[in-house]
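The values are calculated or read from the model by the stated rules, or taken from the named source; none is laboratory data. All values reported here derive from a predicted model rather than from experimental measurement. A quick note on method: Cβ atoms are made from the backbone with ideal geometry, for glycine too, and the neighbour counts reach across all protein chains shown.
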DNA sequence: ATGAAAGCGCTAACAA
DNA sequence: TTGTTAGCGCTTTCAT
């Protein structure tokens, strides 16, 4: 009688009248099996639709040809990187396993460590960790970090040139004639946010515009906080009110757009807005958002290439930095002339 | 001495001076452990940074609180659905494991079956399969299919109303005044393609426009084939040439845009183009593409909700169909008046 | 060429 | 309360 649930190697062995060891050899193409036996086993395998359990085999094997991609959640940032990794991985003999382990608030921090422990050493041969928030201790499998939040920490890293992107964004606003340019800052504990603010200040300095602390507010990369910040900035009386806002990420920029609309301010006529990240939604806002694009898909591909080198025992460049580039859309224009 | 690789339950047991069984009980919060013992074990766990291996435990357990999302690859379609699933899964106590098993051409077909076999029964409690291409035999874990290519096949399904979306797209062209409307068909073996063509024909019929087989060509949902089809259509002499083309998906529509440009035809002045899917790139073409959007994120969320019901032993609606909606951008206008 | 047996890390009966 | 034992499905020596 046919087994009810999964077809296991034991089912195949029984049906073929051989031992499980022999089935294992056939399935994995090992030597030491008579051609006729192999053929018979193969036939039963096909007949029963047997596929080896990834779980069970990974428990014994040293490698699985599976690469883990550890994410906090499937947000636009992560999924763009995934596309790049997936495109690059095609035909390279590896399966991809994207794991989102941050399911509750209590593991919102340190999720990467937990996920790595739970999968590492057995299920996956190596890992690509997207935007890790902590420095990872030495692990049992090779790891590449993409856009780490706390600096490189000795690990292999792929990121974009955040400072330069922010410089370009700010310079764009300056070139349009803006002088009162506000910045809604990201999470101040994160590397990327610090670098973006740094780029903003550098461009101001290059243009000889004095840095005004009153124009820099916290948005924490989050919509809610950014709404508050935007409201604070845009409700100021006219001479104090900034004519342009550079938001640390697109989410914050969307908040600015929303608040401007509430207040009856036109974008870009009354206020210009620039974001950062160029998530797909940025091309769909009204007006479409001028922002800084990170080549996320390329970065994903880079990470995969790097990890492959590591897995092959080759030495890999420790740090790959991709340029960020300004994408000018409709949310920026010359300041109002009064 | 501290163990070199992963920290296992045995390491913890040894360090705490108890048996592995006791550690297991503590870690999983089972009863029957003295408070003082539990505390000591817990401390060692923290100290050593122990995390149970998902693999090993899933081999024994009946459930893992992990939901598998089986995809062929991480393309725009899959990642949008992922976003919706992920957003809905947050805080529901499940971890997400997206698995891309189609790594080579030889498992390009039947990947879903293979992935399900490899993960099912042990690693994952249930699965959401994105755009499966074959009908799945009864499996050991609950399964929800999103946008299946071959009909529902008795399984639980989430999809968009392809026929209605196609009707809307075609009606939009008719309303603009078009009468010679071509259709570049999708893969004729797939449910979605058949429904889209059906919608196209229905709208023509409703408007009293005779169906002309010469205006319907195969594009197979693929760029290359669609380029050929578009060229065939757009190089026809003027009275025969269609004034509008409804492509079965955005990829095909992009091909039309490209061919039109090569031929010196202006979109939408000389020819109007409508796509289907509204992948993010559709908002970035020149001109931006009018297309039919499927609410992918909502569909992902629906699938998760459905699977949750199944896992809880509740009965779930067998088929959830979401409306598809026309997104009018810049690639459509009234036909040339000559 | 084939199979018996050990063991990967863990959980669940059951015994002590 | 705690530990011993069996075994999940598989791979890998090591005998036969």
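Checked against (1) under 25 Å from residue A:48 (Cβ atoms); (2) more than 7 Å from chain A (Cβ to nearest Cβ); (3) at pLDDT 90 or above; (4) outside any helix (DSSP H, G or I), residue B:115 passes all but condition (4). Within the stretch B:271-289, the set of residues being within 14 Å of chain A (Cβ to nearest Cβ) and not in a loop (DSSP other than H, G, I, E, B) comprises B:277, B:280, B:281, B:282, B:283. Being touching a residue at least 60 places away in the same chain (Cβ under 8 Å) and outside any loop (DSSP other than H, G, I, E, B) is a property that residue B:227 lacks. For the stretch A:168-184, a residue qualifies if it is surrounded by fewer than 24 Cβ atoms within 10 Å (Cβ to Cβ) and closer than 26 Å to residue A:297 by Cα, and the qualifying residues are A:168, A:171, A:172. Those helices (runs of 4 or more DSSP H) of the stretch B:1-103 in which at least 1 residues are more than 11 Å from DNA strand C (Cβ to nearest atom), considering only elements entirely within it, cover B:9-16, B:35-48, B:76-89. Among the conditions (1) surrounded by fewer than 18 Cβ atoms within 10 Å (Cβ to Cβ); (2) more than 14 Å from every other protein chain (Cβ to nearest Cβ); (3) at pLDDT 90 or above; (4) more than 9 Å from DNA strand D (Cβ to nearest atom), residue A:31 misses just one, which is (3). Looking at B:280, B:268, B:335, which one is buried (at least 18 other Cβ atoms within 10 Å of the Cβ) and at pLDDT below 95? One residue alone meets the criteria, B:280.
Would you check if residue B:153 is on the phi < 0 side of the Ramachandran plot and more than 14 Å from every other protein chain (Cβ to nearest Cβ)? Spelling it out, it is not the case that residue B:153 is on the phi < 0 side of the Ramachandran plot and more than 14 Å from every other protein chain (Cβ to nearest Cβ).
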